[in-house]
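Engineer: What follows is a single structure, and I will ask about it in a moment.
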Amino acid sequence: MTRRLAAIMFTDLVGFTRLGQQDEAAALRLRREHQSLLRPIFARFGGREVKSLGDGFLVEFASAVEAVECAVEVQRAIGRRNESAPGEYRFQLRVGLHSGDVVEEEGDVLGDAVNVASRIEPLAEPGGICLSAAIYEQVRNKLPIRFESEGVRTLKNVQEPVEIFRVVDDGSGASPPPRPPPAPPSFRLAVLPLVNLSAEPEDEFFADGLTDELISRTAQIPQVRVIARTSVRRYKDSSKSIREVGRELDVGVALEGSIRKSGNRIRIAVQLVDARSEAHLWSTRYDRPIDDIFAIQDDIAGQVAASVAPFLVGTAPGARAPPPAPAPAHETSDMEAYSLFLHGRQVFGEKGSVESIRTALTLFEGAVTRDPRFARARVGVAETLMWLATEGSVPFFQAEDRAVQEIRAALAINDGIAEAHSVLAAFYLSRDRFAEVELEARRAMELNPSLADPYRWLAQLAAGRGDIREAIRLLDIARRLNPDDVNVLSFFGRALFYAGDEAEALAFWDATQSQVRFRTNAHRSEYYLAKGDLVRAEASIREMERIRANSPWTLVYRGLLAVRQGNDALARQAIERLKERAKNGEMVTFFIGFLQFGLGETDEFIASMEDAFRDGTLPLLELLYSPLYERARGDPRLQDILRRQRERHGAAPTPSAG
């Protein structure tokens, strides 16, 4: 046994026992996440985790100052995490601190200091920090934090009364902000594709477009999370029951219906159905002139809000229904422009090919030509341009510049379009303007909490800061909102791989292979090349070549495999092909660098990464996490590039060589 003075921290996850009784799996996921969030913070402030207490920690510090600083940072980190989490995914922590004599025996610590700290922790408010006078006297003149006395308390099984202090927020940002009240529960809704009953097959796009409109409109209902259009599209012409749909999408209610368009009139029938019991909650029919379509949408959204309210408020005393969603500002009265817009949304949503995206762009441009003040059509133009630029189908910077011009024009007309702020966040992400990314992504989430893309942009920021676990958490939220979003699914699987969860990544790739064919094979190629499994790498690369032979990723992985097989010439041919594409404006510099690294041309690789850094296309995630470039992380020149990138990005851990 050894005896010493120490500062002791106890933490407790608020409501964990109750949550475990209601949903054991959710409770265990929350516990794992809270553990992965807190442990790096303890280590940063010199804390030694003595033991995990199921839903809390016992941590020892050599310094009272470091213990308090750590407690403050823990609550701040949880606060930042909760800002982007829906209400049901938020959690809070109580923290108690005391300083005194402890005895260590076989790795555990015992003594009065431990007992007192354990009794102080329950006195803290959820999200708060309480500490003893012994701690307070050691830190009160050393930290820019305000403390407030809670008076002298008699603690259970502690002989002497103890004066308790709590950390309070003085507006300086040095202490944790006041905890907001728990967010109201959210409810999950699926708006299923409306069935087209029109005699004209070309009216199919109108039914699909109106479905998209209802998704956008109902997503503005407070406390309601609406499944994205890309994930409900699979149920078009499906024979599955509402109960099956509800189970697959994890929703409580579904909106279904039909539409018949004839001349200048439209007939819509809709009903809201409980996805568990298949009971009808509400239904109605509309038979109106087509120029009354906006009023119909508003009416449906308002009725849906009223019908799901009982699910949201339950029977609690004084419970109140959520306020109705604010009516959106419809930016056009030109029904032809509106029809072009709906058709463009339908084609763009399918994302079937480069040609289909170009068709969607033409439709959106047609809508803007007819009505230049149609803001959402301008957003459509921007989204399609960004997609084409990312896929390398148009000159990158030229397309992005035009896209951002369209977005700014749209926001000048209507600042309340969530998708516009989300696209702007994507643009800033491509230009390494990270503060603006977070600002625009959070604005988009505020306007439409059901939009998945902003969570993806924030996940990109978190991963770039070195917090891959936070990226996984944000991506998990995004894929619950949009289970079929190929970008989210692709990023999620890769994040699991980069976090070291290889078994989970492989299982996830197997489960999503049919949805994300090309990128899943790209990630598998990276994985198998890193493992030295050239047979499986060959199989994955062949699939990439079958799906998208001209993709830079296909050329890179084929080239890297060729080097492993002793065929350097094939890799050099790929470099020359990429250089030719670069002359046409494609952003392929870092792909060239990957092949140079594979060939052992380290100086050329560093030069390519410098070029990529300058033009804002540095492949940060691969450089930080991919095992293919692990040796490069020990090069001081690459470390310098990453240091400069971190200065743009905010603090991130320094990548190590091993």
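Laboratory data are not the source of any read-out in this text; all were calculated from the coordinates shown. This structure is a prediction, so every number in the text was calculated from the model and none was measured. Here the Cβ positions follow ideal geometry from the backbone for every residue, glycine too, while neighbour counts run over all protein chains shown.
Engineer: From the Cα gyration tensor of the chain, with a ≥ b ≥ c the square roots of its eigenvalues, which class applies: rounded if a/c is under 1.5, or else prolate if a/b is larger than b/c, or else oblate?
Structural biologist: oblate
Engineer: Obtain the nm distance between the two label points defined at S52 and R140 by a simple spin-label model: each point lies 7 Å from its Cα along the Cα-to-C-beta direction.
Structural biologist: Taking the two extended label points, one gets 3.8 nm.
Engineer: Also, quick follow-up: Taking the Cα centre of the chain as origin, sum charge times position over the Cβ atoms of Lys and Arg (+1) and Asp and Glu (-1), and report the length of that vector in debye to the nearest 20.
Structural biologist: That gives the chain a dipole magnitude of about 260 debye.
Engineer: How high is the relative contact order of the chain, in percent, counting Cα pairs under 8 Å that sit 6 or more residues apart?
Structural biologist: About 8 percent, as a whole number.
Engineer: Please give the calculated 222 nm ellipticity per residue for the chain, where each DSSP H segment of at least 4 residues contributes -39500 (n - 2.57) and the sum is spread over every residue; nearest 500 deg cm²/dmol?
Structural biologist: Here the helix-only value at 222 nm equals -17500 deg cm²/dmol.
Engineer: Taking R0 as 25 Å, what's the FRET efficiency between D533 and D568 from their Cβ-Cβ distance, rounded to 0.05?
Structural biologist: The value I calculate is 0.75.
Engineer: To continue, here is another question. Please compute the modelled spin-label separation between R433 and E200, points set 7 Å along Cα→Cβ, answer in nm with one decimal.
Structural biologist: Label-label distance for E200 and R433, simple model: 4.2 nm.
Engineer: Please give the FRET efficiency for A582 paired with V152, using the beta carbon to beta carbon distance and R0 = 60 Å, rounded to the nearest 0.05.
Structural biologist: 0.25
Engineer: Before anything else, pin down the relative contact order of the stretch 335-423: Cα pairs under 8 Å, at least 6 apart, normalised by residue count, whole percent.
Structural biologist: Taking the mean separation of contacting Cα pairs over the length of the stretch 335-423, I get 25 percent.
Engineer: From a point 7 Å beyond the Cα of I290 in the direction of its Cβ, which residues of the stretch 245-272 have a backbone N at a distance under 15 Å?
Structural biologist: Inside the label zone: 259-268.
Engineer: Express in whole angstrom the spacing between the alpha-carbon centres of the stretch 140-156 and the stretch 626-644.
Structural biologist: Using only Cα atoms, the two centres lie 46 Å from each other.
Engineer: Something else: Specify whether the C-alpha gyration tensor of the stretch 335-423 places it in the rounded, prolate or oblate class, a ≥ b ≥ c being the square roots of the eigenvalues: rounded for a/c under 1.5, otherwise prolate if a/b is larger than b/c and oblate if not.
Structural biologist: oblate
Engineer: Pairs of alpha-carbon atoms within less than 8 angstrom and 6+ residues apart define the contacts here; what relative contact order does the stretch 332-372 have, in percent?
Structural biologist: 53 percent.
Engineer: Under 1.5 on a/c is rounded, so check that first for the stretch 346-389, then, if it is not, pick prolate when a/b is larger than b/c and oblate when it is not; a ≥ b ≥ c are the square roots of the alpha carbon gyration tensor eigenvalues.
Structural biologist: It is prolate, given that a/c is not under 1.5 and a/b is the larger ratio.
Engineer: Which helices, counted as full DSSP H runs in the chain, have an axial Cα extent of no less than 27 Å and a Kyte-Doolittle average of 1.0 or above?
Structural biologist: Qualifying helices: 293-313.
Engineer: Which net charge results for the neighbourhood of V245, defined as the other residues with beta-carbon distances under 14 angstrom from its beta-carbon, given Lys and Arg at +1 and Asp and Glu at -1?
Structural biologist: Around V245, the charge tally is 0.
Engineer: Roughly how far apart, in whole Å, are the Cα centres of the stretch 231-274 and the stretch 371-411?
Structural biologist: Spelled out, the Cα-based centre of one part sits 31 Å from the other.
Engineer: Counting just the Cα atoms, what span does the stretch 516-658 cover along each of its three principal axes? Round to the nearest Å and put the largest first.
Structural biologist: Principal axes ranked by extent give 40, 35, 31 Å for the Cα atoms.
Engineer: Any chance you could run the full-extension gain for R267 through E502? It's 0.36 nm times the residue separation minus the Cα-Cα distance, nm to one decimal.
Structural biologist: 79.4 nm
Engineer: Let me ask something else about it. Please work out the C-alpha center-to-center distance from the stretch 103-136 to the stretch 431-498 and express it in whole Å.
Structural biologist: Rounded to whole Å, the Cα centres lie 37 Å apart.
Engineer: Ranked highest first by average number of other Cβ atoms within 10 Å, how do 7-13, 65-71 line up?
Structural biologist: Result, highest mean first: 7-13, 65-71.
Engineer: May I pose another question? Take the Cα pairs of the stretch 322-475, get the Kirkwood Rh, then feed it into Stokes-Einstein at 37 °C and 0.692 mPa s and tell me D in µm²/s.
Structural biologist: 205
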